[in-house]
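Asks: Following this message is one structure expressed as structure tokens.
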2 protein chains.
Amino acid sequence: MKARVHVMLKNGVLDPQGEAVRHALGALGFEGVKGVRQGKVIELDLQEGASEADVAAMCDKLLANTVIESYTVEIL
Amino acid sequence: MKARVHVMLKNGVLDPQGEAVRHALGALGFEGVKGVRQGKVIELDLQEGASEADVAAMCDKLLANTVIESYTVEIL
């Protein structure tokens, strides 16, 4: 089975990477970009029988820093 | 309107970041992780009227290195 995890900075946490992308898009002539947030996507290829709870445990322990990041798990 | 872009390394391109995550998960006791690929997710907050083609142009010009990365655009 495959799982996809999205890890994004929580709202209110400054995202300098996203800000840099927003500036660069403006400099390249793309107008009307009001905001950019950048995060990580992690695709896991797991043995059959793994559950969403297993993936959530991986997120809590390693994949996300839950102090400043939130994550969502999607089973594909 | 909001758009979400996923940027992943193409199949066949070595992903050292994903490999590092796979090793770390094994070291933490998570068994059965056969493969990990890590990519970027970029959430764009755009003015009304922007189209999927605009976002694709942003990807081609800035957000993705299309030599080694592929991207998907999703309008939210």
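Asks: Is the range A:22-32 home to any residue that is outside any helix (DSSP H, G or I) and of a type in the set (D, E, K, R)?
Replies: yes
Asks: Is it true that some residue in the range A:45-57 is within 19 Å of B:Val55 (Cα to Cα), surrounded by 13 or more Cβ atoms within 10 Å (Cβ to Cβ) and among the aliphatic types (A, V, I, L, M)?
Replies: no
Asks: Of (1) crowded, with 17+ Cβ neighbours inside 10 Å; (2) touching a residue at least 60 places away in the same chain (Cβ under 8 Å); (3) more than 7 Å from every other protein chain (Cβ to nearest Cβ), A:His6 satisfies all except one. Which?
Replies: (3)
Asks: Continuing with the same structure: It is to be established whether one or more residues within the range B:22-42 are of a type in the set (Asp, Glu) and surrounded by 12 or more Cβ atoms within 10 Å (Cβ to Cβ).
Replies: No, that holds for no residue.
Asks: I'd like to check something: does the range A:57-70 contain any residue that is in contact with a strand residue (DSSP E or B) (Cβ under 7 Å, 6 or more places away or on another chain), of a type in the set (D, E, K, R) and at pLDDT 95 or above?
Replies: The answer is yes, given that some residue of the range A:57-70 is in contact with a strand residue (DSSP E or B) (Cβ under 7 Å, 6 or more places away or on another chain), of a type in the set (D, E, K, R) and at pLDDT 95 or above.
Asks: Looking only at the range B:48-74, which residues are in contact with an Asp or Glu (Cβ under 8 Å, 6 or more places away or on another chain) and closer than 21 Å to A:Gly26 by Cβ?
Replies: B:Val73
Asks: Here's a follow-up. Looking only at the range A:19-71, which residues are in contact with a helix residue (DSSP H, G or I) (Cβ under 9 Å, 6 or more places away or on another chain) and among the β-branched types (Val, Ile, Thr)?
Replies: Scanning the range A:19-71 gives A:Val21, A:Val33, A:Val36, A:Ile42, A:Val55, A:Thr66.
Asks: Residue by residue through the range B:59-76, note down the ones that are free of Cβ contacts under 8 Å to residues at least 24 places away in the same chain and assigned to a helix (DSSP H, G or I). Steps first, please.
Replies: Here is the first cut: in the range B:59-76, the ones free of Cβ contacts under 8 Å to residues at least 24 places away in the same chain are B:60-62, B:65-67.
Once the filter is applied, which keeps residues that are free of Cβ contacts under 8 Å to residues at least 24 places away in the same chain and assigned to a helix (DSSP H, G or I), the range B:59-76 yields B:Asp60, B:Lys61, B:Leu62.
Asks: From the list A:Asp54, A:Asp45, exactly one residue is in contact (Cβ under 8 Å) with a residue 40 or more places away in the chain and either within 8 Å of another protein chain (Cβ to nearest Cβ) or farther than 30 Å from B:Lys34 by Cβ (or both). Which is it? Full working, then the answer.
Replies: Working: A:Asp54 fails: in contact (Cβ under 8 Å) with a residue 40 or more places away in the chain.
From the options A:Asp54, A:Asp45, the qualifying one is A:Asp45.
The values are calculated or read from the model by the stated rules, or taken from the named source; none is laboratory data. No experiment lies behind these values; they were computed from the predicted model shown. Cβ atoms come from the backbone with ideal geometry, glycine included; neighbour counts cover every protein chain shown.
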